[in-house]
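A.B. asks: Below: one structure in structure tokens.
Values quoted throughout were computed directly from the atomic coordinates according to the rules given, and no laboratory measurement underlies them. None of the values given here were measured: they were computed from a predicted structure. Here Cβ is always computed from backbone atoms with ideal geometry, including for glycine, and neighbour counts include all displayed protein chains.
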Amino acid sequence: MLALIKREIEDNILFFIIAAIIAIVFTVIPIYSVMTYEMEKPPIGIPMSMYGIFWLLFLFVPLICTAFGATQMYADRSKKISTFLATMATTRKRILTAKIITGLLWICVVIVPLAAADAILLRVYPLIVPADTSLLVKLFITLFLICLACYCLGLQMGWNTNKFFSILGSLAVTPILMSIIIVKGFGIETAAILLLLAIASTLRIWQKFMTTPL
Amino acid sequence: MSDAVIKIDNLVKYFDGRCVLNGINLKVPKGCIYGLLGRNGIGKTTIIRILQGLEQPTRGDTYLLGKRSEQLTAKDRGRIGYVAEGHHLIQNYRVARLVELCKSLSLKWNQDFFDEIIQMFRLPMHQKVKQLSTGMRAQLNLALGMAIEPEVLILDDPTLGLDTVARRQFLELAIDVIQRDGRTILFSSHILSDVERIADRIGILAAGELVVDCELEELKKRVKKLRIIFPEKSPEDLHLTEIIRQQRSQREIVITVANFNQQKQAVINTFGPQSCTEIPMSLEDLFIECTRTGEKNVSTH
């Protein structure tokens, strides 16, 4: 399994570099903005840059997640990589599980440093970052779930060997999922919808991958 | 289950409503080198893909190492070597990376043997797989398939697309490898001389059926092609069973019969032929007789 995960990471190293850049940029900016904010003005609330960062995150990260899933599966299908792997000492289950674990790792690479940085900021600068812990938790859970749902949908789109539809689908899915957050906000309902969507997409791609000729 | 390492039970496969395999039954015992022959697109690769669990059968079951193909575990797969038609491998990988991947995904790895082949064929480890010639890819594919020391080796038309020299090199290596251990080998090809050199049992696929499944020497003994000349007009019907092919002219009948024996000779003699001579047949002749399209095929099991 580790060999398969390693292979997935190496094959998609560009996406992991992008993830690292996003993580660094989106972690450094809030830290910098909060620190400079404290020095210049009395502590009165969340700096505007923090809001901007979160909206940017919710816009771009799910989009990249969809693209990652779609690229991963499309490359696999078009280059018949799974066909080759499935004839070695492994199984289809392991091959797909390795893909999904890689997707989860990608999401964690982006979200974990940011969540950790924000949690520290919340403790160190409680007056500047007055958001309560529960809001932060909701926010990151929603971000994680939307990324997961987008990634799984991306895997499904990538299964389609038509490149045009894969790209079109990737572009269409993210705004649709974003609209759920805009309408419902960061709550249990949104999380439940996104979780269901992620589970449904995973089950569908699982069923496809296990039964379709490779 | 018996000692059959490869077993196919009443395998049926339809593609878009077209029957490609129609009730294939096959058993390959341990240590046997089985040559599966058939014209291009007849279903050889489909059988192998179903055996490997890459494709689902419409009906019937296939077994490898005593387990149903769809239930093969990673451990079971580690005991099976596979050289695929076309040698696609992973085209955008460098050879060294592909080897590392295969090594990490294998249960056993014979590095000495692998190095020996790599040196023998001077395979460039730093090049991308897609930059290798078809012959080099075939050699690499065989090396990867053999380095895991498989109990069963499945070769799906491995010499397809190779030039004469590359084909000879590949076969010499394959023969060398085969002779080292008594492993079971399923070797599909449409190049008869290749199969004739390697296989000790052959199966011929035609029109979705396995029309021949026996030892090579036995096949040559069983199938006879006869030229029968009659003193006057040849009879309308010779009342023989298992006729593979029949050509009739005014006084002459050229007939290919499966499972030819004394009784069949006696039946021919009742028509009082002027002469009845056997036409020698090579494997190629046998193959052509058994796979001619539009004619009824007779099983020679």
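A.B. asks: What average count of beta carbons from other chains do you get within 10 Å of the Cβ of residues in A:89-101?
C.D. replies: 3
A.B. asks: For the pairs A:K93/A:K208; B:K30/B:K67; B:K13/B:K44; B:K30/B:K264; A:K208/B:K13; A:K138/A:K208, note any where the Cα-Cα span goes beyond 23 Å.
C.D. replies: Correct reply: B:K30/B:K264; A:K138/A:K208.
A.B. asks: Helix by helix, which DSSP H runs in chain B go 18 Å or more along their axis at the Cα atoms and have an average Kyte-Doolittle hydropathy of -0.5 or more?
C.D. replies: Going by DSSP H runs, the hits are B:134-147, B:164-180.
A.B. asks: So which residue, out of B:V20, B:V211, B:V254, gets the largest mean-square fluctuation from a GNM of chain B using Cα contacts under 10 Å as springs?
C.D. replies: Sorting by GNM fluctuation, first place goes to B:V254.
A.B. asks: Could I ask something else about it? Could you work out how far apart the two model spin labels at B:Q247 and A:I13 are, taking each label as a point 7 Å from the Cα in the direction of the beta carbon, and quote it in nm?
C.D. replies: 6.3
A.B. asks: Separate question: So for chain A, what are the equivalent ellipsoid semi-axes in whole Å, largest first, each being the square root of 5 times an eigenvalue of the Cα gyration tensor?
C.D. replies: 36, 18, 14
A.B. asks: Same structure, new question: Quick query: amide H of B:L89 versus all other amide H atoms, modeled in the peptide plane; which residues come in under 5 Å with a sequence gap of 5 or more or a different chain?
C.D. replies: Residues meeting the amide H criterion: none.
A.B. asks: Using the Karplus curve 6.51 cos²θ - 1.76 cosθ + 1.60 with θ = phi - 60°, work out ³J(HN,Hα) for each residue of the stretch B:68-75 in order, rounded to whole Hz, and write x for Gly and Pro.
C.D. replies: 4, 3, 6, 10, 5, 8, 4, 5
A.B. asks: For the protein assembly as shown, what is the charge dipole size about the Cα centre, in debye to the nearest 20, if Lys and Arg each add +1 at the Cβ and Asp and Glu each add -1 at the Cβ?
C.D. replies: With Lys and Arg at +1 and Asp and Glu at -1, about 380 debye.
A.B. asks: When averaged across all projection directions, what area in nm² does the alpha-carbon convex hull of the stretch B:4-217 cover?
C.D. replies: 11.2
A.B. asks: Moving to a separate point now. How crowded by other chains is B:141-147, given as the mean number of beta carbons from other chains within 10 Å of each beta carbon?
C.D. replies: 1
A.B. asks: Quick one: which residues, 5 or more positions from B:E149 or on another chain, have an amide H under 5 Å from its amide H? H modelled 1.01 Å from N in the peptide plane, none for Pro or chain starts.
C.D. replies: Those qualifying (amide H under 5 Å, at least 5 residues apart or on another chain) are B:N110.
A.B. asks: Given the Cα-Cα distance of B:N92 and B:K108 and 0.36 nm per residue of separation, how much length would full extension add, in nm?
C.D. replies: Contour length minus the Cα-Cα distance gives 3.3 nm.
A.B. asks: Can I ask one more? Of the peptides B:35-46, A:134-145, how do they stack up when ordered by the mean number of other Cβ atoms within 10 Å, highest first?
C.D. replies: Peptide ranking by packing, descending: B:35-46, A:134-145.
A.B. asks: Note down the Stokes-Einstein diffusion coefficient of the protein assembly as shown in µm²/s, whole number, using a Kirkwood radius over alpha carbon pairs, 10 °C, and 1.306 mPa s.
C.D. replies: Using the Kirkwood radius from Cα pairs, D works out to 59 µm²/s.
A.B. asks: What is the stretch B:94-209's relative contact order, in percent, from Cα pairs under 8 angstrom and six or more apart in sequence?
C.D. replies: 25
A.B. asks: Exactly which trypsin sites (Lys or Arg not before Pro) in the stretch B:60-166 are in a DSSP loop and have at most 14 other Cβ atoms within 10 Å?
C.D. replies: Sparse-neighbourhood loop trypsin sites (Lys or Arg not before Pro): B:K108, B:R122.
A.B. asks: Just need the relative contact order of chain B here, percent rounded to a whole number, with Cα pairs under 8 Å and 6+ apart.
C.D. replies: 20
A.B. asks: If you don't mind, there's one more thing I want to ask. Mind checking which of B:T256, B:T134, B:T73 has the largest fluctuation in a GNM of chain B, springs on alpha carbons under 10 Å?
C.D. replies: B:T73
A.B. asks: Short version: ³J(HN,Hα) in whole Hz for each residue of the stretch B:212-218, in order, from phi by Karplus 6.51 cos²θ - 1.76 cosθ + 1.60 (θ = phi - 60°), x for Gly and Pro, what are they?
C.D. replies: Karplus values, whole Hz, x for Gly and Pro: 9, 8, 7, 6, 4, 5, 5.
A.B. asks: Counting only C-alpha contacts under 8 Å and six or more residues apart, can you give the relative contact order of chain A as a whole percent?
C.D. replies: In percent, rounded to a whole number, it is 31.
A.B. asks: Residue farthest toward the positive end of the dipole of the protein assembly as shown, with Cβ of Lys/Arg at +1 and Asp/Glu at -1: which of B:Q71, A:L203, A:A98?
C.D. replies: Positive-end residue among those listed: A:L203.
A.B. asks: Among the helices of chain A (complete DSSP H runs), which have Cα atoms covering no less than 27 Å along the helix axis and a Kyte-Doolittle mean of at least 1.0?
C.D. replies: Both cut-offs are met by A:13-40, A:48-78, A:92-124, A:133-159, A:163-184, A:188-211.
A.B. asks: Taking every DSSP beta bridge that has both residues in the protein assembly as shown, what percent is antiparallel when rounded to the nearest 5?
C.D. replies: Given both bridge residues lie in the protein assembly as shown, the antiparallel proportion sits at roughly 65 percent.
A.B. asks: Ok, one more. Return the average number of partner chain Cβ atoms within 10 angstrom of each residue Cβ along peptide A:77-86.
C.D. replies: Whole-number average of other-chain Cβ neighbours for A:77-86 is 5.
A.B. asks: Residues with amide H under 5 Å of B:G38's amide H, sequence separation 5 or more or different chain, H placed in the peptide plane at 1.01 Å from N; which?
C.D. replies: Those lying under 5 Å, H to H, from B:G38 are B:S189, B:L205.
A.B. asks: Just want the answer: with Cβ charges of +1 for Lys and Arg and -1 for Asp and Glu, which residue in B:G203, B:S189, B:I229 is farthest toward the dipole's positive end in the stretch B:184-301?
C.D. replies: Of the candidates, B:I229 comes out farthest on the positive side.
A.B. asks: Which three semi-axes in whole Å describe the equivalent ellipsoid of the stretch B:1-76, each the square root of 5 times a Cα gyration tensor eigenvalue, listed largest first?
C.D. replies: 20, 15, 11
A.B. asks: Another question, then. What is the calculated FRET efficiency for A:I120 to A:N160, with r their C-beta to C-beta distance and R₀ = 45 Å, to the nearest 0.05?
C.D. replies: Approximately 0.60, to the nearest 0.05.
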